[in-house]
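The values are calculated or read from the model by the stated rules, or taken from the named source; none is laboratory data. The model shown is predicted, which means the values in this text are computed figures rather than measured ones. Here Cβ is always computed from backbone atoms with ideal geometry, including for glycine, and neighbour counts include all displayed protein chains. These accessible areas exclude ligands, DNA and RNA; they are computed on the full protein's heavy atoms, side chains included. Shrake-Rupley method; radii C 1.70, N 1.55, O 1.52, S 1.80 Å.
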Amino acid sequence: MTTTTDTELLKVQNLKQYFPIKGGVFGRKVNDVKAVDDISFEVKAGETLSIVGESGCGKSTTGRAILRLDEPTAGQVEFGGKDLLALSKKEMRKMRKNLQIIFQDPYASINPRQTVRQILSEAMQIQDVLPKDKREERIKELMKTVGLGEHQIDRFPHEFSGGQRQRIGIARALSVDPQMIICDESVSALDVSIQAQVLNLLKKLQRELDLTYLFISHDLGVVRHISDRVLVMYLGKIVEIADKKSLFDNPKHPYTKTLLSAIPVPDPTVEKEQIILKGDVPSPIDPPTGCRFHTRCPFATDKCIQETPELRNNGDLMKDGHRAACHYIEEIESGEMQPNY
Amino acid sequence: MDNTNTIIKVDNLQTSFFTHRGEVKAVDGVHFDVPAGKTLGIVGESGSGKSITSLSIMRLIESPGRIKGGNITFNGEDLLAKTEAEMRSIRGNKISMIFQEPMTSLNPVYTIGDQIAEAYQIHQGLSKKEALQKSLGMLELVGIPSPKARLKAYPHELSGGMRQRAMIAIALACNPQLLIADEPTTALDVTIQAQILRLISGLQKELGMSMLLITHDLGVVAETCDYVAVMYAGKIVEYADVTTLFKQPKHPYTVGLLKSLPRHDIDQDELQVIKGMVPSPDDLPEGCRFAPRCPFAREMCVNSLPDLRDQEEGNQVRCWIHTDEWDGPEVNVKDDYDYGYRTVEGTES
């Protein structure tokens, strides 16, 4: 969005989310799933930052950890200058007024026994955003904002289609007037024609209400459409972060390149070079040493097996703010290193 | 579409579900054929009838559903006239199918090897030992690493991509003439999807199979299909070879679908949308089924259903705009498609 300012609304530092694996006779912790392993990034007020990656890369876990739906193992999360992890449960609940989330499956995240009116007024009541007598009006206004009719106000979730239910989820998030919304695969379950409607709605709302989005998705088409900046994750680590244009037109990490080349293009005349990776994503229980992508990377060397690459920028090749975690950005760019499939 | 080397021909297929709310016409008069060695893609959104079409070919429609009418001719034989026993010798042998979620189609209590071997034992009468030997070959063919160990693995021990490879191995074991792939990569991550699509296309060429690919993903269609049928609310609305379909789409629904797709390879400002939603199959519009959502719809569209008609380019379109009867202004569907361009009275939701 053009309204992007440079103030950081959300700042995540060294965030770790480990889930213990219990085993043995005594149910002791035997290992951890390192779902998110030491990541840092910030989201500026008014922008959309997307987190992309494949299943198990930690993108949803990151979203949940920020909201403390799962308590993070370590790290810092600052929202509007406040340290979220230092808040009490009660304070955190209050804080969620400003920081909302919309999930993938709206049917699983709204109460099937409540009408739309109840769903929306409950959210407002909990966060105490409006005096009671003004809520009715606000509900009607919200329905209109998300493109639902006033006559649908007393209907139950099962009376709506998937796209409409997602609109209810959006209305609920908006009902408390948040500054930021985390969208966790919010359009993934929808058919394309409906997905486009919801994406356009999200964009319109951002313009009108000055919202900040953290948009979590596996769909790079959707991400290109909605984001200002994009962050790519692989096995719990950030491998690349950049403004949208740089990421799609000038990707630097071999994983980002592979991901982009793997998406089928809806145009049979496009001849593209497809990089096909060997094997699957390794398990996050025992992630590979060094660069986590080395087991599948066509450029990997001994150094990649031993040393974990830091996110870095090379000013000659990359724009400001574009960083990738690869030892060999320069060598790959110059052609000095050739892929070994 | 009149190709002499047709492997399967579907003619006026009608499959309905008879529920307490009345008849639901899931597939309503579908025609297509798949030329030998080629891939036909059937695209559509949820509820368009694409999966029911493929299940009808396999005769896997269960009560309250029933194939109400039409013909399905496979290699000159009428599939709808076959007995259940005859169908069983065709399924998994001459026509195979792979589904979206391999975990639900694999048997969790048998090893991968047993499940592939079963196909050989049933259809070719091989002994268990011979069958396992051949299964090993299949696992190698579909690119499963250390195939010998995997023969003894259970489905839960494999990753999603590996399971789908195992499914493909089972499906291709008896060298079928037709492979029906119903959303084969929808549950997979893109990097794995790319592997599986490449594998399927490669094997198809190698083994000379024909393929019917059911998908909602236009990208997958563009990369793997030779011909495409676009389905909407139980009917085919457009049929064309893949290049023509993407270059010169003619039906407003196809155009809307292409324009509402967010692309990762080009910049788009605003996404076009298709307004409203798919009609419920137990309450279909009388005229053109897309009319309530179509920006070009006129009275004639609301009142009467157009046929699927041949076009100059060899494709077929079910739309009044492309007929002589069209009584509206001249329209170039691809260029003029614009949300809210015109609305039919009373259909605005």
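For A:R207, are the conditions met, namely being within 12 Å of chain B (Cβ to nearest Cβ), assigned to a helix (DSSP H, G or I), within 23 Å of B:F246 (Cβ to Cβ) and charged (D, E, K, R)? Lay out the reasoning, then the answer.
Details: within 12 Å of chain B (Cβ to nearest Cβ): yes; assigned to a helix (DSSP H, G or I): yes; within 23 Å of B:F246 (Cβ to Cβ): no; charged (D, E, K, R): yes.
So A:R207 does not fit the description; no.
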Worksheet, complete the sentence: The helices (runs of 4 or more DSSP H) lying wholly within segment A:109-203 that contain at least 1 residues that are under 20 Å from the mean Cα position of the chain (by Cα) and over 27 Å from A:S50 (Cα atoms) are none
Worksheet item: Among the residues of segment A:238-253, is there at least one that is over 22 Å from B:I266 (Cα atoms) and more than 8 Å from chain B (Cβ to nearest Cβ)?
Response: yes
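Residues are listed down the side, and each one gets a yes or a no for (1) surrounded by fewer than 19 Cβ atoms within 10 Å (Cβ to Cβ); (2) at pLDDT 95 or above:
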{"site": "A:G221", "(1), (2)": "no, no"}
{"site": "A:V232", "(1), (2)": "no, yes"}
{"site": "A:I238", "(1), (2)": "no, yes"}
{"site": "A:T256", "(1), (2)": "no, yes"}
{"site": "A:G279", "(1), (2)": "yes, no"}
{"site": "A:P282", "(1), (2)": "yes, no"}
{"site": "A:P287", "(1), (2)": "yes, no"}
{"site": "A:R312", "(1), (2)": "yes, yes"}
Fill in: Index of the failed condition, A:K89 passing every other in (1) in contact (Cβ under 8 Å) with a residue 60 or more places away in the chain; (2) more than 28 Å from A:G321 (Cβ to Cβ)
(1)
Worksheet item: Do we have B:L213 as within 11 Å of chain A (Cβ to nearest Cβ), crowded, with 21+ Cβ neighbours inside 10 Å and hydrophobic (A, V, I, L, M, F, W, C) here?
Response: no
Discussion item. Taking the conditions exactly as written (among the hydroxyl-bearing types (S, T, Y) and more than 17 Å from B:V230 (Cα to Cα)), does B:S260 satisfy them or not?
Written reply: no
Worksheet item: What are the residue pairs meeting all of these: first residue in segment B:245-266, first residue more than 9 Å from chain A (Cβ to nearest Cβ), second residue open to solvent by 30 Å² or more (accessible area, probe 1.4 Å) and outside any loop (DSSP other than H, G, I, E, B), Cβ atoms under 8 Å, and 6 or more apart or on different chains?
Response: B:Q248/B:K334; B:P249/B:L258; B:P249/B:K334; B:K250/B:H322; B:K250/B:K334; B:V255/B:K334
Response to the item:
From the option list A:G24, A:G75, A:G58, single residue qualifying as on the phi > 0 side of the Ramachandran plot and without any contact (Cβ under 8 Å) to a residue 24 or more places away in the chain is A:G24
Worksheet item: From the residues in segment B:157-190 that are more than 20 Å from B:I214 (Cα to Cα) and within 14 Å of another protein chain (Cβ to nearest Cβ), which one is surrounded by the most Cβ atoms within 10 Å (Cβ to Cβ)?
Response: B:M162
Worksheet, complete the sentence: Checked segment A:102-120 for anything open to solvent by 30 Å² or more (accessible area, probe 1.4 Å) and either among the polar types (S, T, N, Q) or at pLDDT 95 or above (or both); matches are A:Q104, A:S109, A:N111, A:Q114, A:Q118
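Can you tell me which residues in segment A:210-227 are within 13 Å of chain B (Cβ to nearest Cβ) and among the charged types (D, E, K, R)? Don't jump to the end; show me each part of the working.
Residues of segment A:210-227 within 13 Å of chain B (Cβ to nearest Cβ): A:215, A:217-227.
If the condition is that a residue be within 13 Å of chain B (Cβ to nearest Cβ) and among the charged types (D, E, K, R), then A:D219, A:R224 are the ones that fit.
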Worksheet item: Name the residues in segment A:240-253 that are open to solvent by 10 Å² or more (accessible area, probe 1.4 Å) and touching a Pro at 6+ places or on another chain (Cβ under 8 Å), would you?
Response: none
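Which of the residues that make up segment B:233-244 are touching a His at 6+ places or on another chain (Cβ under 9 Å) and either facing chain A (nearest Cβ under 10 Å) or among the hydrophobic types (A, V, I, L, M, F, W, C) (or both)? Steps first, answer last, please.
As a first pass, look at segment B:233-244 and keep what is touching a His at 6+ places or on another chain (Cβ under 9 Å): B:236-239.
Correct list: B:I236, B:V237.
Any residue at all in segment B:114-122 that is among the charged types (D, E, K, R), open to solvent by less than 60 Å² (accessible area, probe 1.4 Å) and within 25 Å of the chain's Cα centre (by Cα)?
No: segment B:114-122 contains no residue that is among the charged types (D, E, K, R), open to solvent by less than 60 Å² (accessible area, probe 1.4 Å) and within 25 Å of the chain's Cα centre (by Cα).
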Worksheet item: Which of (1) touching a Lys or Arg at 6+ places or on another chain (Cβ under 8 Å); (2) under 26 Å from A:H225 (Cβ atoms); (3) at pLDDT 95 or above does A:K16 not meet, given it meets every other one?
Response: (2)
Worksheet entry | Subset of segment B:262-303 (residues that are within 18 Å of A:G163 (Cα to Cα), open to solvent by less than 40 Å² (accessible area, probe 1.4 Å) and assigned to a helix (DSSP H, G or I)) | B:R293
